[in-house]
């Protein structure tokens, strides 16, 4: 099985604080953010909701995309999110259930009282 590298965007609420990152294990990394173990910035601003991600076969492609997105104006980042996720749904349930994770990823509606 080929290894996948991910570029991802998290937020603390729709149109709130955004964070862009890169990882080789999306489920683990998002779980770290959700558990306030993801880093100082994401912990301070409670940035825990996965709203966009893309997979890459080559690590340099994921890193390059992260750097590109970080250099974009905010409006472009919002457009990227809303192209695939117009309601700003938390995608954690999707990735955690696909990976067979149990526990906190039980909400399946993006409009449950998560914001």
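Here, each number is a calculation from the coordinates, and none is a lab measurement. On a predicted model such as this, the values are computed, not experimentally measured, just so you know. Because the Cβ atoms are built from the backbone with ideal geometry, glycine has one as well, and the counts that use them run over all protein chains shown.
Before moving on, here are some points about what is shown:
- FRET efficiency for the pair residue 87 and residue 3, taken as 1/(1 + (r/R0)^6) with r the Cβ-Cβ distance and R0 = 35 Å, rounds to 0.70.
- Packing-based exposure ordering (other Cβ within 10 Å, fewest first) of 96, 35: 35, 96
- For the chain, calculated [θ]222 nm from helices alone, where every DSSP H run of n ≥ 4 adds -39500 (n - 2.57): -11000 deg cm²/dmol
- Ellipsoid equivalent to the chain - semi-axes via the Cα gyration tensor, in Å: 20, 18, 14
- Nitroxide proxy distance, nm - points 7 Å out along Cα→Cβ at residue 97 and residue 28: 2.5
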